[in-house]
1. Could you give the length gained by full extension between Ala172 and Asn97, i.e. 0.36 nm per residue of separation minus their alpha carbon distance, to one decimal place?
2. How many lysine pairs are close in segment 138-254, with Cα atoms under 27 Å apart and the two 8 or more places apart or on different chains?
3. What spacing in nm lies between the two simple spin-label points modelled at Asp32 and Phe182, each 7 Å away from Cα in the Cβ direction?
4. I want the local charge near His150. Using Cβ-Cβ distances under 15 Å, sum +1 for each Lys or Arg and -1 for each Asp or Glu among the other residues.
5. Based on the alpha carbon coordinates of segment 126-254, what radius of gyration and maximum Cα-Cα distance (Dmax) apply, in Å?
6. Quick one: putting +1 on the C-beta of Lys and Arg, -1 on the C-beta of Asp and Glu, what dipole do you get for segment 50-144 around its Cα centre, in Debye to the nearest 20?
7. Give the angle, between 0 and 90 degrees and rounded to the nearest 10, that separates the Cα long axis of helix 2-12 from the longest principal axis of the Cα atoms of the chain.
8. Between Met242 and Leu46, 0.36 nm times their residue separation minus their Cα-Cα distance comes to what?
Amino acid sequence: MQETLMSLSDSTSPPNDSSATMMDRLVLSYLDIRRAIGLSGLVLPLVLGPGGMLLGIEIQENMSSYYHTPLRDVFVGTLCAIGIFLFCYRGYDRIENWTANIGAVAAIGIALFPLDYGSDPLIQKSFVGYVHTFSGGVFFTTLAFYSLYHFPRDSKREAESHLFERSMAFRASGLTILLITFAMGGYMLLVPQDWKDWLNGYNFLFWAEWIAVWSFASSWLAKGRIIVTEIGVEVLAYSRKMVLQHGLGIKNDP
C-alpha cells in the first residue's frame, strides 16, 4: 500500500503542495475507508434490531430476514456500502487486495441475493438463497482473516505503538468471528430440530451475527485509529505494564 501511495503522490501532487503533505492526505483517506467499514458494521445491528423494534418490527431470526421487512433498504444499502468500501481498499500486497475483493463480492452477494422468506439458512428453496448463505460464510471468514493476519502484520509495517496490545485485540476479534461462524454452522448442521426451534425462540442466529458483525467492526475501527479504540489500547498497555512491574515483579522493557 505504501508503494501505491507513493506513486499516487508523485503523479498527483500539485506544484505548490509538498509530497509529504499529499502523502498525509492519502494515508488519511485510507484511515477514512477503514473507519467507514467499521462504522457501517457497528451501526447495522443497532438499526435493524432496536431500530426496527421502534418501528414495530419484531426481531427477526437472523439479520438476513430483514430483507423481507420495511428495513430492506437499510440492510441492502449498508452491505453494498461495505462491499464498495472493501473493493476500494488496497493493502500492502496482492493477498490483502484479493482478501478485500473477495470480501467485497461476498458482501454484495449477501445484499443482492436474498435469503428465501421464512426459510432455514441451510435449506433454501432457490439458487439465490444458497448464494446468499454461501456469501455469508465467505464474508465472515474473510473478515476473520483480516483480523487474524492482515491487521497484526500491517501494524508492524506502519510502526504503530503498543504492537502487543493491538495484535492481541485484532486476534481476539478474529477468533470471536471464527467461533461465532463455527457456532452458527453447528447450529445449522448438527443441532436437532427441537433444539433449533427452542433456540429460534431466542433469535439465536440474530444475536450470534450481531456479535460477529461487531467483532469485525471493532477491528476496522481500531485500524482506523478512532479515539475510542486508541484509548482502549492505551488502557490495555498501561494495565499490562502494571501487571508486569508490580503483579509479577518484572520490569517491562521501555
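The values are calculated or read from the model by the stated rules, or taken from the named source; none is laboratory data. Every value quoted in this text rests on a predicted model; they were computed, and no experiment measured them. Neighbour counts are summed over all protein chains in view; Cβ atoms, including those assigned to glycine, are modelled from backbone coordinates with ideal geometry. The accessibility values were calculated without ligands, DNA or RNA, using every heavy atom of the protein model including side chains. Shrake-Rupley method; radii C 1.70, N 1.55, O 1.52, S 1.80 Å.
1. Values: separation 75, 0.36 × 75 = 27.00 nm, distance 2.26 nm.
Length gained, Ala172 through Asn97: 24.7 nm.
2. On the way: Lys156/Lys223; Lys156/Lys241; Lys156/Lys251; Lys223/Lys241; Lys241/Lys251.
Going through segment 138-254 pair by pair, I get 5.
3. 4.0
4. Details: positive: Arg34, Arg90, Arg94, Arg153, Lys156, Arg157, Arg166, Arg171, Lys223; negative: Asp93, Glu96, Asp154, Glu158, Glu160.
Here the charged neighbours net out to +4.
5. Rg then Dmax for segment 126-254, in Å: 18.6, 62.
6. Numbers: 4 positive and 7 negative charges, 48 e Å.
It works out to roughly 240 debye.
7. Here the helix axis deviates by roughly 70 degrees.
8. Values: separation 196, 0.36 × 196 = 70.56 nm, distance 3.58 nm.
Length difference between fully extended and current span is 67.0 nm.
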